[in-house]
Amino acid sequence: MKYICMNCNKEYSPAPELIKCTCGSALWVKPTSSFSKNDLIGNEFTFLRYSNAFPIKKHDIQVSFNNPITPLTQAELSGVPILVKMDSLQPTGSFKDRGAVLVINYLKNHGINSIAEDSSGNGGSAYAGYAAKGKMECNIFVPAGTSLGKTTQTRLYGANCIEITGTREDVATAAMESTKTHGSYYVGHNWYPLFIEGVKSIAYEIWEQCGYKAPDNFVVPAGNGSLLAGAYLGFSELLKSGEIDKLPRLFGVQSEGVQPFVQVFNNTDIEITSLNTIAEGIKIQRSSRLKEIVEFVRGSKGCFISVSEQQIQLALKEMGSQGYFIEPTSATAFAGIAHLLKTGEINAKEVTVGVITGNGLKATNTIEHLINVLID
Ligand SMILES: *Cc1c(COP(=O)(O)O)cnc(C)c1O
Ligand SMILES: [Zn+2]
């Protein structure tokens, strides 16, 4: 395995403490191969089915919950059938499990026993869960006011959960600084190169679940963009091997107040107008991989869009009424699909997958405040 900077093309040999290029950009695992049906481990029905696509091989993965392949199910938005990828059923309740499991195993294999991470909540609870399983010390820095569901979960796993007053970027700085005095390793999921390698698995699962085809559209909430990046890289490997004949169009959905991806995609300046959104998982003012991910989305012929708080609430309700208890952050994806259908950007006959990125139980406090508005 090698790391590469997509900004200046410099290559590095991986090391546990290595997270950034000398030019300041994020590092990526250097793409090596394509992925095809022959690479599936046929008698595995856990995430290890796809372990040939990971830079860490099956026998080196010691710490896991035998992570499941999550269901792809049918739902409807304004009468249009869509497919729903239920990553709320990951062991710690969000898609962040996909990345955290690889990072934790890499560190464990290097004899590391203490980590620090910054998170809006789910990345932290995911790392805390795997650290608990692997008997590692874990320090999670979150913004003050993070959902109680996520901080309580993190603390129950035995991690130190430190709440920081300030922006999401202040929280990241606090986590990085802490490693200097604490002897721990920084594993921030927005920076750590191996995190995205694990997220690629969502693409292989959907490909298998769609009958070895790519869907037409793949729609997710976008914060740092790791889910978009993982999906792009996973589907690209399938394209390279000829397993699919085109990439799905990738769509990243943001809230109106915090929409840096939308602004950069449309060649306008980044302007944050309000941090006051119920989509707490995507309040990121500047992704560590912004330029690269904008290019991935362009390359897939998709785009970034933003939705209002009201659209997010309506989507939360519409999904709830069909039996999906989802995080308000995840509701942005479904608000986005409704919006894309309405504007004609995507079409009712196409196969569109939306991802439930996080379980509603994590944000019961937020949803409780909305319930009188939502249920008439
Ligand atoms: C982290 C998170 C996101 C955003 O994912 P990125 O990879 O940062 O774009 C979306 N939804 C939920 C529930 C999350 O926890
Ligand atoms: Zn560089």
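Of the chymotrypsin sites (Phe, Trp or Tyr not before Pro) found in segment 62-134, the ones in coil according to DSSP and having at most 15 other Cβ atoms within 10 Å of their Cβ are 65. Element breakdown for segment 96-186 at a 1.4 angstrom probe: carbon and sulfur atoms account for 54% of the accessible area.
Bridge orientation summary for the chain: considering DSSP beta bridges with both residues in this region, about 35 percent are antiparallel. Among the listed pairs 200/362; 10/135; 10/57, which are separated by more than 29 Å between their Cα atoms? Beyond 29 Å: 10/135.
Note: segment 43-100, Cα convex hull, 102 Å³ per residue.
On the basis of the beta-carbon distance and an R0 of 22 Å, residue 165 and residue 276 show a calculated FRET efficiency of 0.90. Counting only Cβ charges, +1 for Lys and Arg and -1 for Asp and Glu, the dipole size of segment 96-186 around its Cα centre is about 380 debye. Amide H contacts under 5 Å for residue 82: 75, 76, 77, restricted to partners 5 or more places along the chain or on a different chain, H placed in the peptide plane at 1.01 Å from N. Think of the chain as a dipole: +1 on every Lys or Arg Cβ, -1 on every Asp or Glu Cβ, centred on the Cα centre; then among 62, 147, 78, 62 lies furthest on the positive end. When the listed pairs 2/150; 108/317; 30/180 are checked against a 31 Å cut-off, the alpha-carbon distance exceeds it for 2/150; 108/317.
Ignoring the sites themselves, the chain has its longest run without GluC sites (Glu not before Pro) in a DSSP loop having at most 13 other Cβ atoms within 10 Å at 18-270. Quick check: from the Cα gyration tensor, does segment 96-186 come out rounded (a/c under 1.5), prolate or oblate? Oblate, since a/c reaches 1.5 and b/c is not below a/b.
Annotation for segment 130-171: trypsin sites (Lys or Arg not before Pro) lying in DSSP loop with at most 12 further Cβ atoms inside 10 Å of their Cβ are 135. Per residue, the accessible area of the chain comes to 39 Å², computed with a 1.4 Å probe over protein heavy atoms only. Could you tell me which chymotrypsin sites (Phe, Trp or Tyr not before Pro) in segment 190-280 are loop residues by DSSP with no more than 14 other beta carbons within 10 angstrom of their beta carbon? Hits after loop and neighbour filter: 212. Using the Cβ-Cβ distance between residue 347 and residue 137 with R0 = 45 Å, the FRET efficiency computed as 1/(1 + (r/R0)^6) comes to roughly 0.35. Here's how it looks for residue 326: its modeled amide H is under 5 Å from those of 360, which are all 5 or more places away or on a different chain.
Under 17 Å of direct C-alpha separation, and excluding same-chain neighbours fewer than eight residues apart, residue 20 reaches these aspartates and glutamates: 11, 117, 118, 169, 177, 197, 292. Taking amide H as placed 1.01 Å from N in the peptide plane, the amide H of residue 164 sits under 5 Å from that of 142, 144, each at least 5 places away or on another chain. Within a straight-line Cα-Cα reach of under 18 Å, residue 246 can be paired with the following aspartates and glutamates, leaving aside sequence neighbours fewer than 8 residues apart in one chain: 205, 208, 216, 237, 295, 345, 350.
The values are calculated or read from the model by the stated rules, or taken from the named source; none is laboratory data. Since the structure is predicted, the reported quantities are computational estimates derived from the model, not experimental observations. Quick reminder, even Gly has a Cβ in these numbers, built from the backbone with ideal geometry, and neighbours come from all protein chains shown. Areas reflect the complete protein model, heavy atoms only, side chains present, ligands, DNA and RNA absent. Shrake-Rupley method; radii C 1.70, N 1.55, O 1.52, S 1.80 Å.
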